[in-house]
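For reference, the structure is listed below as structure tokens.
The values are calculated or read from the model by the stated rules, or taken from the named source; none is laboratory data. Keep in mind it's a predicted model, so treat the numbers as computed, not measured. No Cβ is skipped: glycine too gets one built from the backbone with ideal geometry, and neighbour counts run over all protein chains shown.
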Amino acid sequence: MNTTEIELPTMRHSCAHVMAAAVRHLWPDTKFDIGPSTEDGFYYDFDMEHRLTTEDFPAIEAEMAKIVAEDVPFVREEKTRNEVMDLMQGLGQTYKLERLADIPEGETITLYHSGDFTDLCRGPHVASSSAIKAFKVLSVAGSYFRGDERNPMLQRLYGTAFGSQADLDAFLQRREEAKKRDHRVLGRELDLFHLDPEDPGQIFWHPKGWSIYVTLQDYMRKKLVADGYQEVNTPAIMPRSLWERSGHWDHYQSNMFITESEKRIFAVKPMNCPGALEIFKSRTRSYKDLPLRLAEFGHCVRNEPSGTLHGIMRVRGFVQDDAHILCTEEQIEAEVAKFCRLLVDVYKDFGFDKNLLVKLSTMPADHVGDEATWRHAEEALAAACKATGMDYVIQKGEGAFYGPKLEFTLIDALNRPWQCGTIQLDYQLPSAERLNAEYTGPDGQKHHPVMLHRAVLGSLERFIGILIEQYAGAFPLWLAPVQAVVIPITDAQLPAAEALAEKLRDHGFRVDVDARPEKMGAKIRDAQTQKVPYMLVLGRREAEQGTVAVRHRAEGDLGPMTPADLLARLEQERDNPAAAPTAAKQ
């Protein structure tokens, strides 16, 4: 069997069954829950007395290899609900009985047999176990049954499978590289931030991490001003009445933090859009005011379940490079095209413009508004992509209930996708039924604008996490929290070192002086470990000649330079982000 990308999930799901069979051979009293395929592999949830560790993985893999070598067929069998109930009760598989109860009445119930292992499963599966070519048990973690902490804790065993050993080896190599780049580890090692278990989902930014944050925000602020946006700021806490009118109280309340003051209910804002419309409504608007582009770095808070939080990639408190564009129907295409050009321009500075994936999500079944308006909006999004030279794929029926959207997915240095940018068309929020935003048209009549919700980076916190892993912590010069460290060899060169650092600071560079009583080699190693782009060494000869010995973290020794030549090099590198070294060369 030739394994293709389409067939890979099927093979991985089949391999999950093989892994479950192997676990049962080794620990016969094991109870099973589910074993689906995932984006990178598969997992299976087990309830067993034995606590699985990495030391068990070789034995499990050896048992799996036996099953694969035996070429065991996967056999599908349809059964009645009562037949499956009797079978699972006899096997003591209580979790399967609960999963059986989830299957609606009248739906076909199927079992899959593979040798002595039987599972309640929809399938599909490969024809036989020999189709599984290369596999690996990866890790084990705890997982509550149905994801509910009130239920028993199960052991989730992760694995993966590929169509060839070469593909598996490449995946494992990427996985090891990902571990080295883990933003949580690097965040601690580089002293960028910390996360407190007492305050889940909130980030404590340290000076170096906050330097990156502010630099990134200032970078985006300059891009927005140049592109015709006006920056605004709206309250962090807004009244229940506003959230009711916007529709968030009915549809999003479970994710909102609620508070009370003077017998009134308020909510910490989970998104910025109602505030932007309140600004639009604050005075009379004309069609001549449109398009109106309102940008906001507004701090949002969402009550995400603690089990879903992940470093700074998924948090409760975050800031988006958010903006809302109020425009007419006729301006949609031009505004979307303008946004697409901005997004590509920004992504180019981070090296993310080469493999950008664009998805156009169209009208869902539960949409609001007439189909003609939807078709016009979808055609406008498609035309904007064409105008900017972007290819896209259709996600049929995946639009928001209020309008279609474009989603932009970047690919990082490890070939992992990250959906960051988006632009969404909204006819609902400005409508009379919601927040009733109006402008006077050229006909003298009142009209409701179209609202475009858009972000380039998305959450700044998440984007910084992506960048930490993209660059393995070795940020390009313009983003690096410490751009250079001056290293005097002895205390005699300390005044010259301070003078050089001050000169560079006067030109906007972030520079430290390492005046510790350590040897020069140790200082250089520490700077390398902290991934500082430039190490500037000053000894007696350099101080006398008015030069500095320059060392780059990736290029090594660059030789002596005058302060003027050094400054010219640094300014050229800092002021041209798109020309910065790639992640691989950092």
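A few comments on the model shown:
- Strands (runs of 3 or more DSSP E) contained in the range 395-502 and holding at least 3 residues over 23 Å from the mean Cα position of the chain (by Cα): 484-488
- Pairs, first within 16 Å of Ala400 (Cα to Cα) in the range 372-385, second not polar (S, T, N, Q) and not in a helix (DSSP H, G or I), C-beta under 6 Å, six or more apart: Trp374/Met363; Ala377/Gly403; Ala377/Pro404; Ala377/Leu425; Glu378/Pro404; Leu381/Leu360; Leu381/Pro404; Leu381/Leu406
- Residue match in the range 515-522 (condition: closer than 22 Å to Pro560 by Cβ, buried (at least 19 other Cβ atoms within 10 Å of the Cβ) and touching a residue at least 12 places away in the same chain (Cβ under 8 Å)): no
- Comparison of Pro270, Pro235, Pro197 shows that the only residue that is in a loop (DSSP other than H, G, I, E, B) and either over 27 Å from the mean Cα position of the chain (by Cα) or touching a residue at least 40 places away in the same chain (Cβ under 8 Å) (or both) is Pro235.
- You will find that of Glu555, Glu469, the residue that is crowded, with 21+ Cβ neighbours inside 10 Å and among the acidic types (Asp, Glu) is Glu469 and no other.
- Lys348 assigned by TED's automatic domain parsing to the domain that holds Pro404 and crowded, with 16+ Cβ neighbours inside 10 Å: no
- Failed criterion for Arg574 (all others in (1) surrounded by fewer than 21 Cβ atoms within 10 Å (Cβ to Cβ); (2) farther than 27 Å from Leu192 by Cβ hold): (2)
- Among the residues here, Arg525 does not qualify as assigned to a helix (DSSP H, G or I) and in contact with a strand residue (DSSP E or B) (Cβ under 6 Å, 6 or more places away or on another chain).
- Number of positions in the range 273-323 that are more than 18 Å from the chain's Cα centre (by Cα), among the small types (Gly, Ala, Ser) and outside any loop (DSSP other than H, G, I, E, B): 5
- The sole residue among Glu49, Glu39, Glu55 that is free of Cβ contacts under 8 Å to residues at least 24 places away in the same chain, assigned to a loop (DSSP other than H, G, I, E, B), assigned by TED's automatic domain parsing to the domain that holds Asp116 and more than 16 Å from Ala16 (Cα to Cα) is Glu49.
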